[in-house]
Number of protein chains: 2
Amino acid sequence: MDRTIVDYQSNRLQEKLHKILGSVGGTASGCPIRNILDRFSDKWSTLSIFHLGDAGTLRFNELKKRIDGISQRMLTVTLRTLERDGLVTRRVYPQIPPRVEYELTDLGRSFLVQIIELGDWASVHSAQIMQAREQYAAREHLVVE
Amino acid sequence: MDRTIVDYQSNRLQEKLHKILGSVGGTASGCPIRNILDRFSDKWSTLSIFHLGDAGTLRFNELKKRIDGISQRMLTVTLRTLERDGLVTRRVYPQIPPRVEYELTDLGRSFLVQIIELGDWASVHSAQIMQAREQYAAREHLVVE
DNA sequence: CGGGATCCCACATGATACTG
DNA sequence: CAGTATCATGTGGGATCCCG
C-alpha cells in the first residue's frame, strides 16, 4: 500500500537522474529544465491547471472563482505564462462584453498528469511529514559519539 | 515513446484529482498539501535532493560544491527545512573541525522518485515548450469570429 | 467581462562578517 | 568546517484604478 521504501536504485531511475543532473549542471538561468521545473513550483500555475483539467473549459472569471484567493492580476499573469509555454489555449470571442475561454492543450494535460501524481504523493505522505515536523521541535539532534 | 496525449480522463486520475482539489480547497496557508507542494517548487530543495540521491551521503561543503551557485546561507536554510520535514537526516560528528553528513531518509528517497519523474518530464518536453515560446512571440492570438 | 497600468510592500535570498 | 547573525536588495504579488 504505502511505497515509502522505494527501489530508487533501479537503473532506470539512476539513468534519469544522471540525465537531469547533466542538464541542470550549469545554473545559467537560461537552462530550460530549471525553467520548466519552475512551472511545477508555481502555486497559481498548478492550481490553474488542476481546475482546468477538472472542468475542461473555463472563462476567466469562472476560473477566478474556483481558485480561492487568487488576484485578478496573478490569474492573468499565470494564464499568459501557461499559454506562452503551450500548456493552455486562450480563445477570445469578439463580443461585448468579452468572452475568453481557457482550456488545457495536450501538452497541458500531460503536465496535469505529473502534478496529479505530485499532489497524490503529498496527500499520501502528509501525515508522515506533519509528524516529522512535530518531532523536530522537541528533538535532540542526532550526534554520533 | 512520447506520451504527450495521455488518458488523463481515467477514473484513477480523476479520483486523485478530486481528492487533491478537495484538500487544497481552503487556501488557508496552513493547508498541508500546499505546504508540501512548496517543497517541490523550491529550486534549492530539489537540487539538494537530486545530489543527495545521487551521492548517498555528503558533507555540507561537498554538497555546496555540487550545487552550483547556492550560497552558504541558503544551503543551511534548505537543509534545515528538509530535515524538519523528515526528508533528510543530519548527522553531526563532534570533532574539530566539525563534520556533518547529510543523507536522504526513506521518505526523502520516495520524494526523490517524484522529482526525478518531474525532471524527466521536463527533459522530454523541453523542446516542445521552447518551440511554443518561440511561436508565442510571433503569433496572432486565436480569435473565433 | 477581461483585462492593462501603477504603486507599493513583505519577504525570500544574496553578500558579508564573525565563531565554536 | 559548518555554520550563525546582520544587513542589503529586488521582486513576486496584492491592492487599486482605469479602459475597450
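Taking H as built 1.01 Å from N, whose amide H comes closer than 5 Å to the amide H of B:Arg59, not counting residues under 5 places away?
B:Tyr102
Can you run phi through the Karplus equation (6.51, -1.76, 1.60; θ = phi - 60°) for the range B:58-70 and list ³J(HN,Hα) in whole Hz, with x for Gly and Pro?
Coupling constants for the range B:58-70: 9, 7, 3, 6, 5, 5, 4, 5, 6, 8, 4, x, 6 Hz.
Under a 1.4 angstrom probe, counting protein chains only, how are A:Lys19, B:Lys43 ranked by accessible area, largest first?
A:Lys19, B:Lys43
Could you pull the accessible area for B:Met74 with a 1.4 Å probe, rounded to 10 Å²?
60
Suppose we look only past 26 Å in the calculated P(r) of chain B. What percent of the Cα-Cα pairs does that tail hold?
Result: 45 percent of Cα pairs exceed 26 Å.
May I ask you to list, by number, the DSSP H helices of chain A whose Cα span along the axis is at least 27 Å and whose average Kyte-Doolittle hydropathy reaches 1.0 or more?
Long hydrophobic helices here: none detected.
Check the axis relating chain B to chain A and name the residue of B whose C-beta is nearest, distance in whole Å.
B:Ser41, 1
Which of these, B:Gly56, B:Gly108, B:Gly69, has the largest mean-square fluctuation under a Gaussian network model of chain B (Cα springs below 10 Å)?
Of the options given, B:Gly69 has the highest mean-square fluctuation.
What are the label-to-label distances in nm, one decimal and shortest first, from A:Asn61 to the same spot in the other copies, with labels 7 Å along Cα to Cβ?
Nearest first, the other copies' label points are 6.1 nm away.
Sequence-distant or interchain residues sharing an amide H contact under 5 Å with A:Asp85, placed H: which?
Correct list: empty.
Round to the nearest 0.05 the FRET efficiency obtained for B:Gln14 and B:Ile96 when R0 = 41 Å and r is the Cβ-Cβ distance.
After rounding, the FRET efficiency stands at 0.10.
Could you work out how far the C-alpha centroid of the range B:44-122 sits from that of the range A:51-122, in angstrom?
The range B:44-122 and the range A:51-122 have Cα centres spaced 34 Å from each other.
Could you tell me how many cubic angstrom of Cα convex hull volume the protein assembly as shown has per residue?
In the protein assembly as shown, the Cα hull volume divided by residue count equals 149 Å³.
So what is the relative contact order for chain B, in percent, with contacts set as C-alpha pairs under 8 Å and at least six apart?
Reported as a whole number, the value is 18 percent.
Keeping to pairs on different chains or 8 or more places apart, tell me how many lysine pairs in the protein assembly as shown have Cα atoms under 18 Å apart.
7
Using a label point 7 Å beyond Cα on the Cα-Cβ vector, give me the inter-copy distances for B:Glu15 in nanometres, one decimal, shortest first.
Those label-point separations list as 3.1 nm.
The values are calculated or read from the model by the stated rules, or taken from the named source; none is laboratory data. Predicted model only: the values in this text are computed from it and were never measured. Glycine gets a Cβ as well: all are built from the backbone with ideal geometry, and neighbour counts include every protein chain shown. Side chains are part of the model used for accessible areas, which takes the heavy atoms of the whole protein and leaves out ligands, DNA and RNA. Shrake-Rupley method; radii C 1.70, N 1.55, O 1.52, S 1.80 Å.
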